[in-house]
Amino acid sequence: MRVDNLRRLMNTMTFAQFRELARNYICYRGYRNPIITDGWNDGGSDLRVYQTTGLSPQNIAIQVSVQEKNWKAKLKQDARQALTDLNCGVFLYVTNRRLPDAEYQPVADELLQQHGISCSKADGDSVAQYVIDDGKIEWVLDLLGIDLQGNRLHRSLRQEVADAFMLFSSDAEDYRQAFMEHALTIAASQDKRTSRDEIVVAAAEALGIEGNAIVDRLSRVFDSLLTRGVLVKTEAGGFEPSEKDTQRLQDAYMLRDAEWVQLVTEIGQILRKHCPSAVSNADIDSNSKNLATQLGTVVRTYRDYQRRIIEDQISDDTLRLDCAKKAGEVESMLRAFGVAQNAVDECVRDLCELQEGNPIVSLLEAGETFRQLTNGSRQGLLTALGQTNGAVVILDTSVLIPLLCGQMHGAVCDQGVTSALHLLQDAGQHGCPIVVPSVYIEEAAAHLIMAGRFVPVVHSSERGELDCSENAFVSYFARSSLASDRYRQYLSGFGHRGDGFEFYSHRDSIMSSLTGLLRRYHIMKENIDARQLSIDAKRDADTALGNIYHHLGEERPEILFGHDSNVLAWMKTRGDADSKAFLYATWDRCMQQGCQGIHELVLGVDPVNAAELLELSSERGRSPLDIQLIMHLSDKEFSLASRIWDVIIEVEKEDVSDADLLPKARSFKADFLARQQSDATRTNQIVGAWRQWKSAAGDGGKA
């Protein structure tokens, strides 16, 4: 990248972003203890004395500036202040703008001749050249939020633990669950919403949730609340909170209403103090309400900035960079609300001081915790999976068949179908390739041939008798709206040619048809040749699966055992060679456990959890939470939020060694997988049908 192009990018930086770049540049120049304290924690002073390295250390004052229009007057003022207040006659001016020598040199000469101050500059060109020479272009792009084809900076082990905690830990899961229950209870308390779907949609909007998999999760949470009696049916056929929970919501609202009015008023006073006189009172009143809903973001960012950068407790570059980016977002937000550029820092301090006198600010920060737990990033997922270069979604037969049926004929009331469709959509939005091993296409083809034997049964039986069939093609058809006389046509759409064909030639023909269908949906086939797998990987896979079958009391035909073992060995080999993570989507609990033991970059999950993980890391945006959620929060949600942030802070501490951090990251993932294994509320029927088929399939379904 050319220097002038990089400088143009630097010109788009907020002050918080350039401040972090300046810190790295100052280190590069060889100054000791380069802690830039201008901004949110220094009471307005933007000068700092450093020491040069060498045999004769020399004090130097450094000032950082972003796009100062009247930079000459600013430079002179700060240089004189350095001499007067800090007794420092050596001055370095760091800026992201270009300072032509013809304009800069007269100012430097004046300072030297009139005040005895030796002044030097580091302008945009100098800093840009440093970025190029020191190989920090990718770092700068990441600081600006520019992602080049998903290739982001390698994140630290501390960041891996933090990301794994927010995605996989039981604390984070409990908080998401509690907040969803809270949102549904509030939505049900609104008289105008009566049906289950209306309440779920309203809760999703209040939470800022868009993904289909998470909305489905809300539906399941709704059913749980109904079972527990938190929600009850009304005489009119709708739903509302129980009498106890209605009283709880009313008490919380009465307590918070006055606090909210006070908060909006105080924010208005702060904006009037820091906005130019040209901003009207009407605009300030409107901006005060909007800013109040996002005050949790401001407070959380300010706290992190103090801890990570101002107090310099954290040396981890990825954590500092992430914090600088968020500080830049807050700065841009306040500028959009009319705050003058030179007043942003003081405005932030004034806003954060509101927390001391108004309890609702802490609840807004608790709401920010929920947003962070549901608005992750693709890089965060890759880091949590184990510092990977990318992620690939693998579908086994139990997910492949419902997916093809749903894509061909539409969704039905079946979790196996809807979760597979959501996974396909979310993987595409996430940029994750979807792969089906060839052995599973072979199993699907055998499944389809077996479905052909149900033709007489489909025409003679009640549809309801077949919707629980262990054959996924038959089960889908029974749940669909397709007429019974269309069953043969339904099968032929997947490649079934009818009766009377030799099994293996029919199977191979269907495999070709299914591969063509998969290609239409951007799903690739992976040919796995057992002869090309490493002996060690195959032995490990055979041993792992054999032990799991023995432990669970499972029996599988040898051919299906070989299919699964070969896939495990292939993922292990690829994980070692490519450093890619595999999200192996399956309803087969034996394979879920097999994935856990075969390689740390392989995660065996059911498609419901796989789709949720992708949506929690989809970077869909950060819309503010509905303020009604905040005003009805209880001590339960606040305590959970505090516990979550205590863990994050503990992870970031300098005195925690890598030897302690790595087991933490692995334990969060293991906890997630253990919860999945024990959660039978949504998978019993699907898992049971698939286990029965796998146990009785014989020679790939021939028998």
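Over the chain, with every protein chain in place, what whole percent of the accessible area is carbon and sulfur at 1.4 Å, could you tell me?
Numbers: 13880 of 29670 Å².
Carbon and sulfur: 47 percent of the exposed surface of the chain.
For the chain, what is the charge dipole size about the Cα centre, in debye to the nearest 20, if Lys and Arg each add +1 at the Cβ and Asp and Glu each add -1 at the Cβ? It would help to have the intermediate numbers written out before the result.
Details: 76 positive and 100 negative charges, 246 e Å.
Result for the chain is approximately 1180 debye, rounded to the nearest 20.
Residue-wise, which Karplus ³J(HN,Hα) couplings in Hz belong to region 437-445, taking 6.51 cos²θ - 1.76 cosθ + 1.60, θ = phi - 60°, and x for glycine or proline?
The phi angles translate into x, 4, 5, 7, 5, 4, 5, 4, 5 Hz.
Would you please give the FRET efficiency between HIS551 and ARG666, computed as 1/(1 + (r/R0)^6) with r the Cβ-Cβ distance and R0 = 22 Å, to the nearest 0.05?
Values: r = 21 Å, r/R0 = 0.95.
Using R0 = 22 Å, I get an efficiency of 0.60.
For ARG97, list long-range residues whose amide hydrogen, built 1.01 Å from N in the peptide plane, is under 5 Å from its own amide hydrogen.
For ARG97, the qualifying residues are GLN67, GLY124.
Of TYR584, LEU9, SER195, whose Cα points farthest to the positive end of the dipole of the chain (charges on the beta-carbon: +1 Lys, Arg; -1 Asp, Glu; origin at the Cα centre)?
The one lying farthest along the dipole's positive direction is LEU9.
Place +1 on the Cβ of every Lys and Arg and -1 on the Cβ of every Asp and Glu in region 158-282, take the dipole about the Cα centre, and give the residue among ALA204, VAL161, MET254 whose Cα lies farthest towards its positive end.
It is MET254.
Calculate for the chain the 222 nm mean residue ellipticity that helices alone would give, adding -39,500 (n - 2.57) per DSSP H run of length 4 or more and normalising by residue count, nearest 500 deg cm²/dmol. Please report the intermediate quantities before stating the final value.
Numbers: 32 runs with 437 residues, N = 703.
Taking each H run of at least 4 residues, the total per residue is -20000 deg cm²/dmol.
Measuring with a 1.4 Å probe in the full set of protein chains, what accessible area per residue, in whole Å², belongs to the chain? Before the final figure, lay out the partial values.
Working: 29670 Å² over 703 residues.
It amounts to 42 Å² per residue over the chain.
What residues from region 416-437 fall in the zone where the backbone N is under 15 Å from a label point 7 Å along the Cα-to-C-beta line of TYR504?
Label zone hits: none.
Calculate, in nm to one decimal, what LYS289 and GLU210 gain on full extension: separation in residues at 0.36 nm each, minus their alpha carbon distance. Show your work: numbers first, answer last.
Values: separation 79, 0.36 × 79 = 28.44 nm, distance 2.40 nm.
Using 0.36 nm per residue and subtracting the Cα-Cα distance, I get 26.0 nm.
What list of ³J(HN,Hα) couplings, whole Hz, do you get for region 106-120 from phi and the Karplus terms 6.51, -1.76, 1.60, once you set θ to phi - 60° and write x for glycine and proline?
x, 5, 5, 5, 4, 5, 6, 6, 8, 10, x, 9, 8, 10, 10
Which value in nm describes the separation of the simple spin-label points at GLU103 and SER242, placed 7 Å from the Cα toward the beta carbon?
Going from the GLU103 label point to the SER242 one covers 7.0 nm.
Between the DSSP loop rule and a limit of at most 16 other Cβ atoms within 10 Å, which GluC sites (Glu not before Pro) in region 496-576 are left?
Details: sites: GLU502, GLU526, GLU554, GLU555, GLU558; in loops: GLU502, GLU554, GLU555.
When the GluC sites (Glu not before Pro) of region 496-576 are filtered for loop state and at most 16 Cβ neighbours within 10 Å, GLU502, GLU554, GLU555 remain.
I need the calculated FRET efficiency for the pair GLN306 and ARG519, taking r as the beta carbon distance and R₀ as 35 Å, to the nearest 0.05.
On the way: r = 53 Å, r/R0 = 1.51.
Plugging the Cβ-Cβ distance into 1/(1 + (r/R0)^6) gives 0.10.
Apply 1/(1 + (r/R0)^6) to the Cβ-Cβ distance of ASN342 and ILE648, taking R0 = 45 Å, and write down the FRET efficiency to the nearest 0.05. Show your work: numbers first, answer last.
Details: r = 32 Å, r/R0 = 0.72.
Efficiency, rounded to the nearest 0.05: 0.90.
Towards the positive end of the charge dipole of region 532-669, with charges on Cβ (+1 Lys, Arg; -1 Asp, Glu), say which of SER634, LEU533, ALA665 has the farthest Cα.
My answer, from the dipole projection, is LEU533.
Near HIS274, within a Cβ-to-Cβ distance under 14 Å, what is the net charge of the other residues, with Lys and Arg +1 and Asp and Glu -1?
Details: positive: ARG272, LYS273, ARG335, ARG349; negative: GLU266, ASP283, GLU331, ASP345, GLU346, ASP350, GLU353.
Result for the local shell: -3.
Counting other C-beta atoms within 10 Å, and keeping those with at most 16, which DSSP coil chymotrypsin sites (Phe, Trp or Tyr not before Pro) do you find in region 441-503? Please list the in-between numbers first.
Numbers: sites: PHE454, PHE473, TYR476, PHE477, TYR487, TYR490, PHE494, PHE501, PHE503; in loops: PHE454, PHE494, PHE501.
Passing sites in region 441-503 are PHE501.
Modelling each spin label as a point 7 Å along the Cα-to-Cβ direction, I'd like the MET254/SER195 distance in nm, to one decimal.
Distance between label points: 3.5 nm.
The values are calculated or read from the model by the stated rules, or taken from the named source; none is laboratory data. This is a predicted model, so every value here is computed, not measured. We place every Cβ from the backbone using ideal geometry, glycine too, and count neighbours over all the protein chains shown. Heads up: the accessible areas ignore ligands, DNA and RNA and are worked out on the full protein's heavy atoms, side chains in. Shrake-Rupley method; radii C 1.70, N 1.55, O 1.52, S 1.80 Å.
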